[in-house]
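The values are calculated or read from the model by the stated rules, or taken from the named source; none is laboratory data. Bear in mind the structure is a predicted one, so any value in this text is a computation, not a measurement. Methodologically, a virtual Cβ is constructed for each residue, glycine included, from the backbone with ideal geometry; neighbour enumeration extends over all protein chains shown. Accessible surface is based on the protein model in full, side chains and every heavy atom, while ligands, DNA and RNA are left aside. Shrake-Rupley method; radii C 1.70, N 1.55, O 1.52, S 1.80 Å.
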Amino acid sequence: MAKPRDIQVISNHEVFKTMSRVISNLNGRLDCYFDAKNLPLIVKILSANDQKIMELKSKRGRVRCITEIKRENLPHCKEIMKNFELYHTSCLTGSFLIADGQEYAGYLMDANGREKLLHITNPSFVDSQQFLFDAMIDRALPARQRITEIGRGTEEEFMETIRDSFRVKSIVLDLIGSAIYEIAILFSTKNSFLIAEREGILEKIGRISKQGVKVKILVMQDETVKEISNTKLKMPHQNIQVNYLQQLLPTKITTFIVDQTKSLTVEVNDDTRETLQEAIGLATYSNSESTVFSNVSMFESLWIQSELDKQNKARHAYFQLFKGFKLKDEVYNRRWSFDREKEEAAKE
Amino acid sequence: MATKCIAFHSYKGGTGKTTIASNCAALLAKKGFKVALLDLDVYAPSLLAYFQRQPRKWLNDYLLGNAEVEEVMTHVTDIVEDYTRKYDNSAEIKGKLWIGFCSMKKEEIYRIESGTSETSKSQLRRFILLRDNLIRDYDLDFVIIDTSPGIRYWSINALAVADTLFLTLKMGDIDVEGTKRLASEIYGSLTKYGTRSFLLFNRVSGYCMPVHGTQFSDQENTTKNTTLIDGYGTSDAENMLSKETRMDVISAIPCYCDIQFSRKEFLTALRYPDHPFTKEMEILANAMATKL
């Protein structure tokens with residue numbers, strides 16, 4: 001039977017304080033289950049405890065959240081995704097959080113807008129709620145998948161060919177700004193990367209990555225490009241990864257893919273020009289699933305290829321270093337000292 | 001010669017891409033090229049029917065990280081040699097042929113299908129690694145990929161990894177709108193990165209040939225019938241589709257009833273060296289070797 005101090009009912013202004021205190025005492029795991037209407041509250045509580053959550057994550061703690069992801073609450077979801085593993089479930093009601101599998105905080109609001117928090121530490125109750133949460137998460141959809149669905153489902157499918165270079169630039173900036181979880185960009189030439197830097201596109205990418213958006217950039221290998229990407233992208237922004245193409249692509253093209261829902265491919269007409277407007281040719285902007293998927297697939301293939309090339313380069317350099325050492329023989333014919341000792345002991 | 005990586009794809013199933021890919025691969029090996037044929041029709045694999053050889057391990061095992069390249073690549077040059085010795089009075093061939101077979105077992109297909117986005121990426125990584133290892137260690141001239149039809153995860157990945165795409169179309173059963181869409185949304189996207197794409201027409205009417213083993217007449221002596229597709233004659237339809245899709249035609253292979261209605265899938269190009277289908281395959285193989 002639960003002891004009286006295992007259950008506390010907290011009202012009004014103490015609710016926020018208690019929830020914050022529960023989070024600030026976390027040691028390893030936080031699981032949140034919030035319905036869509038209460039999402040702003042959890043965002044507020046998490047923002048107030050930003051440092052604690054970061055600290056928990058750096059210690060490999062786990063922070064998970066289930067909610068109903070809708071187009072209307074995407075900004076809040078985006079906020080939560082910065083630090084949480086976010087999942088989606090439809091028609092969800094009720095809001096609670098479980099800290100370290102030991103404390104349960106259930107949030108309620110009555111018809112008059114009065115807030116209440118049920119704070120329970122009774123082990124068997126918390127265990128049952130934890131079991132419920134784990135079962136829910138097994139059936140929930142990862143946020144990325146849900147966001148892709150929303151992106152595809154709410155807009156008419158389109159594929160647009162654009163000739164106006166000013167409009168292309170504006171779409172590039174809007175597209176980057178609209179990213180929720182992921183941006184993939186391919187610059188098939190060094191100059192298109194340099195133009196993007198001059199036009200403030202890299203700066204915008206840096207800003208959006210600070211909001212938790214993961215950015216992958218694939219660019220032609222070049223020393224200037226490497227320097228810029230190190231100083232302006234990789235070093236200041238931990239969410240940005242840059243890989244280098246070792247071989248020229250047969251065509252000059254720049255591709256932007258956002259959240260795997262929209263893609264913009266821009267043909268580079270004159271790579272020697274200074275500005276984006278002068279350099280680019282036709283652009284294709286689309287949210288068609290097959291077009292975006294083809295671009296994603298091509299980007300992923302090139303990304304993987306660039307990683308394999310990097311590994312091969314390292315392997316090649318390693319073998320060059322030990323050239324003439326018959327590395328293979330050494331590995332396979334090595335006689336370990338304890339083997340020799342055993343042999344010698346047997347002879348004696 | 002740099003290795004050419006060619007994917008045979010189609011909008012719908014039953015267009016003959018596996019028959020053409022298998023026969024072309026075998027002919028290229030017979031001609032002295034080193035070829036690897038990969039069954040990436042992961043949802044409905046069928047290469048096994050043509051080569052009747054049990055692999056040590058399946059491509060599925062490799063993609064899931066449970067096998068090495070040499071365990072999944074089955075050396076089948078002896079099959080090409082046997083056919084050549086038996087039906088073409090030639091004892092030796094200079095080329096080589098390896099095949100990566102895909103498992104037909106339901107559970108193996110589910111295992112490939114049911115991955116998360118991370119495991120799918122790791123499988124794509126393994127697939128690209130396979131292509132690279134084959135090119136490097138097997139010194140190949142051709143990597144030929146038989147893909148799944150339509151727009152599915154593995155068909156698009158196979159197309160993205162290849163440097164040349166053949167969109168196989170079966171005459172008389174062409175979904176013009178679907179093909180146009182496929183061409184613009186998928187092939188159009190991939191060709192922007194430098195991938196080359198071609199139309200490959202199959203079962204073009206008018207060359208229906210009788211029984212095996214007869215002396216086959218030249219193509220010039222046969223009469224080309226006209227099959228109507230949306231009001232177009234055969235060659236008109238080819239031109240129309242080529243124009244609509246902005247893709248060149250690599251080959252138009254006539255319909256041969258004896259192949260179409262044969263009870264068993266086999267390597268016609270090796271079994272019947274004088275069959276007009278073999279001649280067509282030779283033309284296609286030459287185009288693959290010289291034009292791409």
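With more than 29 Å from B:Arg181 (Cα to Cα) and not hydroxyl-bearing (Ser, Thr, Tyr) as the only criterion, which of A:Gln260, A:Gln246 stands out? Can you show your working first?
Details: A:Gln260 fails: more than 29 Å from B:Arg181 (Cα to Cα).
Result of the check over A:Gln260, A:Gln246: A:Gln246.
Among the residues of the range A:193-214, count how many are open to solvent by 10 Å² or more (accessible area, probe 1.4 Å) and either among the small types (Gly, Ala, Ser) or not in a helix (DSSP H, G or I) (or both).
Qualifying residue count for the region: 5.
If you check A:Val242 against the conditions, is it under 21 Å from A:Leu74 (Cβ atoms), within 15 Å of the chain's Cα centre (by Cα) and without any contact (Cβ under 8 Å) to a residue 40 or more places away in the chain?
Against the criterion (under 21 Å from A:Leu74 (Cβ atoms), within 15 Å of the chain's Cα centre (by Cα) and without any contact (Cβ under 8 Å) to a residue 40 or more places away in the chain), A:Val242 does not qualify.
Failed condition for A:Arg71, given (1) within 15 Å of A:Phe133 (Cβ to Cβ); (2) assigned to a loop (DSSP other than H, G, I, E, B), with all others met?
Of the numbered conditions (1) within 15 Å of A:Phe133 (Cβ to Cβ); (2) assigned to a loop (DSSP other than H, G, I, E, B), the odd one out for A:Arg71 is (1).
Considering only the range A:6-51, state which residues are open to solvent by 20 Å² or more (accessible area, probe 1.4 Å) and in a loop (DSSP other than H, G, I, E, B).
Within the range A:6-51, A:Asn12, A:Asn25, A:Asn27, A:Gly28 meet the criteria.
Got at least one residue in the range A:265-278 being at pLDDT 80 or above, facing another protein chain (nearest Cβ under 9 Å) and either open to solvent by 40 Å² or more (accessible area, probe 1.4 Å) or closer than 30 Å to B:Ala160 by Cβ (or both)? Even if it seems obvious, please write down each step before you answer.
Of all residues in the range A:265-278, those at pLDDT 80 or above come to A:265-278.
Okay, now just the ones that are also facing another protein chain (nearest Cβ under 9 Å), so A:265, A:267.
The next check asks that each one be either open to solvent by 40 Å² or more (accessible area, probe 1.4 Å) or closer than 30 Å to B:Ala160 by Cβ (or both); those that pass are A:265, A:267.
Yes, the conditions are met somewhere in the range A:265-278.
Only one of (1) open to solvent by 30 Å² or more (accessible area, probe 1.4 Å); (2) closer than 22 Å to B:Ser122 by Cα is not met by B:Asn89, so which one is it?
The failed condition is (2).
For the range B:128-137, state whether one or more residues are within 19 Å of the chain's Cα centre (by Cα), within 19 Å of B:Tyr43 (Cβ to Cβ), open to solvent by less than 10 Å² (accessible area, probe 1.4 Å) and at pLDDT 90 or above. Working first, answer last.
So the first thing to find is which residues in the range B:128-137 are within 19 Å of the chain's Cα centre (by Cα), and the list is B:128, B:130-131, B:134-135.
Filter once more, keeping what is within 19 Å of B:Tyr43 (Cβ to Cβ): B:130.
Then keep just the ones that are open to solvent by less than 10 Å² (accessible area, probe 1.4 Å); that gives B:130.
Still in the running and at pLDDT 90 or above: B:130.
Yes, there is a match, as at least one residue in the range B:128-137 is within 19 Å of the chain's Cα centre (by Cα), within 19 Å of B:Tyr43 (Cβ to Cβ), open to solvent by less than 10 Å² (accessible area, probe 1.4 Å) and at pLDDT 90 or above.
Given the options A:Ile195, A:Ile176, A:Ile185, A:Ile180, name the one that is touching a residue at least 60 places away in the same chain (Cβ under 8 Å) and more than 16 Å from A:Ser263 (Cβ to Cβ). Before the answer, list the steps.
Values: A:Ile176 fails: more than 16 Å from A:Ser263 (Cβ to Cβ); A:Ile185 fails: more than 16 Å from A:Ser263 (Cβ to Cβ); A:Ile180 fails: more than 16 Å from A:Ser263 (Cβ to Cβ).
Among A:Ile195, A:Ile176, A:Ile185, A:Ile180, only A:Ile195 is touching a residue at least 60 places away in the same chain (Cβ under 8 Å) and more than 16 Å from A:Ser263 (Cβ to Cβ).
With a cut-off of at least 2 residues that are over 20 Å from B:Ile20 (Cα atoms) and touching a helix residue (DSSP H, G or I) at 6+ places or on another chain (Cβ under 7 Å), name the helices (runs of 4 or more DSSP H) lying wholly within the range B:43-84. Please lay out each step first, then the result.
Working: elements: B:48-51, B:59-63, B:69-72.
By residue number, B:59-63, B:69-72.
Regarding the range B:188-196, can at least one residue be identified that is touching a Cys at 6+ places or on another chain (Cβ under 9 Å), surrounded by fewer than 23 Cβ atoms within 10 Å (Cβ to Cβ) and either among the charged types (D, E, K, R) or at the interface with chain A (Cβ under 9 Å from one of its Cβ atoms) (or both)?
no
Within the range B:151-171, take every residue that is in a loop (DSSP other than H, G, I, E, B) and at pLDDT below 90 and give me the one that is nearest to the other protein chains (Cβ to nearest Cβ). Write out each step before concluding.
Keep residues of the range B:151-171 that are in a loop (DSSP other than H, G, I, E, B), which gives B:151-152, B:162-163, B:171.
Right, trim to at pLDDT below 90 and you get B:151-152, B:171.
Details: B:Ile151: 5, B:Arg152: 10, B:Met171: 24 Å.
Selected residue: B:Ile151.
I need the helices (runs of 4 or more DSSP H) fully contained in the range B:211-288, keeping only those with at least 3 residues that are under 22 Å from the mean Cα position of the chain (by Cα), modelled with pLDDT of 90 or more and surrounded by 14 or more Cβ atoms within 10 Å (Cβ to Cβ). Can you show your working first?
Details: elements: B:234-245, B:257-260, B:268-271.
Helices (runs of 4 or more DSSP H) meeting the threshold: B:268-271.
Quick one: which residue in A:Lys232, A:Lys226, A:Lys216 is in contact with a helix residue (DSSP H, G or I) (Cβ under 9 Å, 6 or more places away or on another chain) and at pLDDT 90 or above?
Working: A:Lys232 fails: at pLDDT 90 or above; A:Lys226 fails: in contact with a helix residue (DSSP H, G or I) (Cβ under 9 Å, 6 or more places away or on another chain).
Result of the check over A:Lys232, A:Lys226, A:Lys216: A:Lys216.
Which condition from (1) modelled with pLDDT of 90 or more; (2) within 20 Å of A:Gln246 (Cβ to Cβ); (3) more than 9 Å from chain B (Cβ to nearest Cβ) is the one that A:Asn287 breaks?
(2)
Got a number for residues in the range A:306-316 being within 11 Å of another protein chain (Cβ to nearest Cβ) and either in contact (Cβ under 8 Å) with a residue 24 or more places away in the chain or among the β-branched types (Val, Ile, Thr) (or both)? Outline the logic, then answer.
Applying the first criterion (within 11 Å of another protein chain (Cβ to nearest Cβ)) to the range A:306-316 yields A:306-309, A:311-312.
Next, only the ones that are either in contact (Cβ under 8 Å) with a residue 24 or more places away in the chain or among the β-branched types (Val, Ile, Thr) (or both) stay: A:306-307, A:309.
Counting residues in the range A:306-316 that are within 11 Å of another protein chain (Cβ to nearest Cβ) and either in contact (Cβ under 8 Å) with a residue 24 or more places away in the chain or among the β-branched types (Val, Ile, Thr) (or both) gives 3.
Okay, residues lined up against (1) open to solvent by less than 60 Å² (accessible area, probe 1.4 Å); (2) touching a residue at least 40 places away in the same chain (Cβ under 8 Å); (3) within 13 Å of chain A (Cβ to nearest Cβ):
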{"position": "B:Ile112", "(1), (2), (3)": "yes, yes, no"}
{"position": "B:Leu140", "(1), (2), (3)": "yes, yes, no"}
{"position": "B:Glu177", "(1), (2), (3)": "no, no, no"}
{"position": "B:Ala183", "(1), (2), (3)": "yes, yes, yes"}
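Could we say that A:Glu85 is in contact with a strand residue (DSSP E or B) (Cβ under 8 Å, 6 or more places away or on another chain) and within 16 Å of A:Lys214 (Cα to Cα) here? Break it down stepwise before answering.
Details: in contact with a strand residue (DSSP E or B) (Cβ under 8 Å, 6 or more places away or on another chain): yes; within 16 Å of A:Lys214 (Cα to Cα): yes.
Yes, satisfied.
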